[in-house]
C-alpha cells in the first residue's frame with residue numbers, strides 16, 4: 001500500500017510524526033511525505049523531533065513547492081492520503097481545488113482519481129466556513145477525522161491517547177494495529193448493572 005502523508009501547520013504535529021513512526025513498522029506500507037513550511041515550524045515548536053528526523057521516518061519525502069513531484073499526477077499509483085494534522089487553510093484549499101502546494105495538489109489528485117482521503121482536522125471552536133468545507137468534502141467521500149480522544153480504554157497519558165487515535169486513523173485504510181486490550185467490547189459488568 002502506498003500512502004501520501006501530509007503534515008500541515010496546524011497544532012498537533014505529533015499526530016503526523018507518530019503516524020509515520022507506526023506506519024514505518026507496518027509491513028508493505030510505503031509512505032510519501034509532504035510537510036508544509038508551517039508544519040516544519042510546528043514540529044520544532046511542539047515536539048522534540050527535528051525536521052530531518054521526521055523526514056527520515058518516510059520512505060519518500062517531497063518539498064511542498066514541488067508541484068512536479070510524482071505524487072502530483074494521477075498516473076503515479078497511490079492508494080490514499082492522510083493529512084495529519086490538517087489545518088483549516090489546507091481544508092479550505094482542498095475543498096475549492098486550489099492545489100497551490102503539493103499537499104493540496106496531491107489531495108486534488110486523490111479526489112479526481114476517487115482515492116481515499118482522511119483529513120485529521122484541527123481547530124476549535126469551528127465556524128460555519130470550517131463546517132461547510134468539511135461537509136462539502138465529506139459529501140465527496142473524504143473522511144473527516146478530528147483527533148478525538150477515547151477514555152474507555154483508560155489511557156495512562158498523552159502518548160496512549162495519541163497512539164489510540166493513530167491506530168483508529170490507519171484502520172480507515174484496513175491497517176489493523178490497535179492492541180486487542182484497547183478495543184471496545186461493550187460495557188463492563190459493573191456498568192451493566194446501572
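Restricting attention to region 88-108, report how many residues are more than 14 Å from the chain's Cα centre (by Cα) and farther than 21 Å from residue 70 by Cα.
So the count comes out to 4.
Suppose we filter 33, 19, 111 for residues that are under 12 Å from the mean Cα position of the chain (by Cα) and either assigned to a helix (DSSP H, G or I) or farther than 20 Å from residue 144 by Cα (or both); which single one remains?
19
For residues that are under 18 Å from the mean Cα position of the chain (by Cα) and either touching a residue at least 40 places away in the same chain (Cβ under 8 Å) or surrounded by 18 or more Cβ atoms within 10 Å (Cβ to Cβ) (or both), scanning just region 62-71, find the one that is nearest to residue 131 (Cα to Cα).
The selected residue is 64.
Would you confirm whether any residue within region 96-109 is touching a helix residue (DSSP H, G or I) at 6+ places or on another chain (Cβ under 7 Å) and on the phi > 0 side of the Ramachandran plot?
yes
Regarding region 83-92, can at least one residue be identified that is in contact with a helix residue (DSSP H, G or I) (Cβ under 9 Å, 6 or more places away or on another chain), over 20 Å from residue 124 (Cβ atoms) and touching a residue at least 40 places away in the same chain (Cβ under 8 Å)?
No, region 83-92 contains no residue that is in contact with a helix residue (DSSP H, G or I) (Cβ under 9 Å, 6 or more places away or on another chain), over 20 Å from residue 124 (Cβ atoms) and touching a residue at least 40 places away in the same chain (Cβ under 8 Å).
If we scan region 51-59, do we find a residue that is assigned to a loop (DSSP other than H, G, I, E, B) and within 11 Å of residue 13 (Cα to Cα)?
Scanning region 51-59, I find no residue that is assigned to a loop (DSSP other than H, G, I, E, B) and within 11 Å of residue 13 (Cα to Cα), so the answer is no.
We did not get these values from a lab; they are worked out from the coordinates using the rules stated. Computed from a prediction, not measured in an experiment: that's the story for all the values here. Cβ sites come from the backbone with ideal geometry, for glycine too, and all protein chains shown count toward neighbours.
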